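**Student:** First the structure, which I've put down as structure tokens, then a few questions once you've had a look.
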Amino acid sequence: MGTLNQRFILFLATGCGSGYFPKMPGTAGSAIGVLIFFALSRLTIPLYIVTILSFVFLAIWAADKAVPLFKNSAQHTKDPQHIVIDEIAGYLVAMISFPAQWIFVIAGFIVFRVMDISKPYPINRIDKNTRGGVGIVLDDVVAGIYTNIVLQLFRLFF
């Protein structure tokens, strides 16, 4: 399986193994993001933001280190589907400033998945043109920002 360091990187990058889910691993990774959000939701907004920024940098590092570990598998692409730490990071960005209330958690999950899958501009450009861990994570962070804007509008008008 590899060294302890490689196993640790894969554990992080695959969202505690959720990326190996046979169908829709990105959705499984986003579900791990929901669990992490509940754990972090009691933080103050500034502390939550600092924590999420730190997590984004961890996600970039883990994704970058994990890509070569898939080089001898069917998953050898610039963004292997088993790497889902980016979905976790994106969902956590989406939930900045929201309480852990089911209406926001579920709406955030659905809107984030739609943004991540449909990749509206400039997410599609980031996805196609940015390589490595930064490229893997950045498109999901932008999807999270878009989701946060949609949720803010939802909260404002409803």
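The values are calculated or read from the model by the stated rules, or taken from the named source; none is laboratory data. Here the structure is a predicted model, which is why all the values come from computation and not from measurement. Quick reminder, even Gly has a Cβ in these numbers, built from the backbone with ideal geometry, and neighbours come from all protein chains shown.
**Student:** Counting only residues that are of a type in the set (A, V, I, L, M, F, W, C), touching a residue at least 60 places away in the same chain (Cβ under 8 Å) and surrounded by 21 or more Cβ atoms within 10 Å (Cβ to Cβ), how many does region 111-137 have?
**Tutor:** 3
A quick yes/no check of all residues on (1) surrounded by fewer than 21 Cβ atoms within 10 Å (Cβ to Cβ); (2) out of contact with any helix residue (DSSP H, G or I) (no Cβ under 7 Å at 6 or more places or on another chain); (3) basic (Lys, Arg):
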residue: Leu10; (1), (2), (3): no, no, no
residue: Ser41; (1), (2), (3): yes, yes, no
residue: Ala94; (1), (2), (3): no, no, no
residue: Ile103; (1), (2), (3): yes, yes, no
residue: Phe109; (1), (2), (3): yes, no, no
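**Student:** Okay, moving on. If the Cβ limit is 8 Å and pairs must be 6+ apart or interchain, which residue in region 93-108 that is in contact (Cβ under 8 Å) with a residue 40 or more places away in the chain pairs with which residue that is loosely packed, with under 12 Cβ neighbours inside 10 Å and among the β-branched types (Val, Ile, Thr)?
**Tutor:** Ile96/Ile45; Ser97/Ile45
**Student:** Quick one: which helices (runs of 4 or more DSSP H) sit completely within region 41-158 and have at least 3 residues that are under 19 Å from Ile9 (Cα atoms)?
**Tutor:** The qualifying helices (runs of 4 or more DSSP H) are 45-66, 85-94, 132-157.
Per-residue answers, yes or no, for (1) surrounded by fewer than 17 Cβ atoms within 10 Å (Cβ to Cβ); (2) at pLDDT 95 or above:
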{"residue": "Ile45", "(1), (2)": "yes, yes"}
{"residue": "Ile49", "(1), (2)": "yes, yes"}
{"residue": "Ala62", "(1), (2)": "no, yes"}
{"residue": "Ala74", "(1), (2)": "yes, no"}
{"residue": "Glu87", "(1), (2)": "no, yes"}
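**Student:** Condition first: under 16 Å from Ala89 (Cα atoms) and of a type in the set (Lys, Arg). Now tell me which residues in region 127-141 satisfy that.
**Tutor:** Of everything in region 127-141, nothing turns out to be under 16 Å from Ala89 (Cα atoms) and of a type in the set (Lys, Arg).
**Student:** Would you point out the residue of region 12-33, among those that are polar (S, T, N, Q) and in a helix (DSSP H, G or I), that is surrounded by the fewest Cβ atoms within 10 Å (Cβ to Cβ)?
**Tutor:** My answer is Thr27.
The rows are residues; the columns are (1) without any contact (Cβ under 8 Å) to a residue 24 or more places away in the chain; (2) touching a Pro at 6+ places or on another chain (Cβ under 6 Å).
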residue	(1), (2)
Thr3	yes, no
Gly19	no, yes
Met24	yes, no
Ser30	no, no
Gly33	no, no
Leu43	yes, no
Leu58	no, no
